[in-house]
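The values are calculated or read from the model by the stated rules, or taken from the named source; none is laboratory data. Since this is a predicted model, take the numbers as computed values, not measurements. Note: ideal-geometry Cβ built from the backbone for every residue, glycine included; neighbour counts use all protein chains shown.
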Amino acid sequence: MSQASSFFKCARQRLPNSLPRAWLTLLALSLVSALLTMLPVLPELLGAGILILALIKARVILALYLDLAKSQVWLRGFTAVLTGFVLVIFSLYRM
Amino acid sequence: MSDTSLIDELPGELLMWVLIISELLVFGAGLIAFMAVRLTDPAGFAEAQSHLYRTGAAFNTAVLVTSGYLAAQALNWRKVARRGAARLALIGAALLGVMFLIIKGVEYTGKAAQGITFETHPFFMFYYLLTGFHAAHVLAGVGILLLVAWRDDARNIEAGAQFWHMVDLVWIMLFPVIYLLG
């Protein structure tokens, strides 16, 4: 229990803590996604990288634009569902 | 009792969250269907995807997240009674939404010029359906942002901004799947 709470405390600390920082983080992650597609990497790595970046961006929007950072239960719930969605997409991509 | 307090933790109106979750499920199901159909013709999907205007779509990501930032900032400003700044931010967010639609329009016009329609390939059926449905939400969101800039009660702005962030969130998941996963 305490391990779980310290994990989410750590995850919360890793989120940008203000709107301008959230915005800059989203722009930077979008740029990294675009650059990733230009690199000669394996399709599996490319797909995984792009989807992980999308998941991080979605979490930043949920936490700071939609203000779910104030409710860790809901933020964790949304993150879990989106992670499941990304795993399904990645599985279909690699089939 | 605990259920009530959990629901109370959601910022803003509960109905907005019902809408946000519903929209995410609809688009999520559409994207999973897209990836499932892709299994029937991966090479054809990759070839079709190469016709997309990736640079414009990537730029549109920056446009939407910037617009979302302005909408979120508008709410913060309205809460501290900076009504003028909040209104300007909402109008700015709406204008960026219009920019998104113009870029999307250029993209669709380019496809039409190449003779690419719904019937060209199943990829394009999903492409037009999902991006078109999303663009319709952007259009609605622009109207909502302008409406709440006019009727600028903090609760109205919060609801309008939440709708706009939902549109943003959908694009963040839609863009990599449709445009990048070849």
Looking at the stretch B:168-180, which of the residues that are surrounded by fewer than 24 Cβ atoms within 10 Å (Cβ to Cβ) and among the aliphatic types (A, V, I, L, M) is farthest from the other protein chains (Cβ to nearest Cβ)?
-> B:Ile178
So which residues in the stretch A:14-29 are modelled with pLDDT of 90 or more and farther than 15 Å from B:Val63 by Cα?
-> A:Leu19, A:Arg21
Which members of the stretch B:36-46 meet the condition of being assigned to a helix (DSSP H, G or I), in contact (Cβ under 8 Å) with a residue 60 or more places away in the chain and not basic (Lys, Arg)?
-> B:Val37, B:Gly44, B:Phe45, B:Ala46
Residue among B:Leu31, B:Leu95, B:Leu101, B:Leu15 that is part of a helix (DSSP H, G or I) and under 17 Å from A:Leu66 (Cα atoms) = B:Leu15
Would you point out the residue of the stretch B:128-158, among those that are surrounded by fewer than 19 Cβ atoms within 10 Å (Cβ to Cβ) and within 14 Å of chain A (Cβ to nearest Cβ), that is farthest from B:Phe118 (Cα to Cα)?
-> B:Ala154
Residue ID - nearest to the other protein chains (Cβ to nearest Cβ), chosen from residues in the stretch B:1-44 that are more than 20 Å from the chain's Cα centre (by Cα) and small (Gly, Ala, Ser) = B:Ala36
Tell me, yes or no, whether the stretch A:2-13 has at least one residue that is within 15 Å of the chain's Cα centre (by Cα), aromatic (Phe, Trp, Tyr) and at pLDDT 90 or above.
-> no
Any idea which residue in the stretch A:44-95 is surrounded by the most Cβ atoms within 10 Å (Cβ to Cβ), counting only those that are more than 18 Å from B:Asp168 (Cβ to Cβ) and basic (Lys, Arg)?
-> A:Arg76
Taking the stretch B:54-107, which residues are away from chain A (no Cβ under 13 Å) and farther than 22 Å from B:Gly143 by Cβ?
-> B:Val80, B:Ala81, B:Arg82
Could you say whether any residue in the stretch B:119-138 is part of a loop (DSSP other than H, G, I, E, B) and either aromatic (Phe, Trp, Tyr) or without any contact (Cβ under 8 Å) to a residue 12 or more places away in the chain (or both)?
-> yes
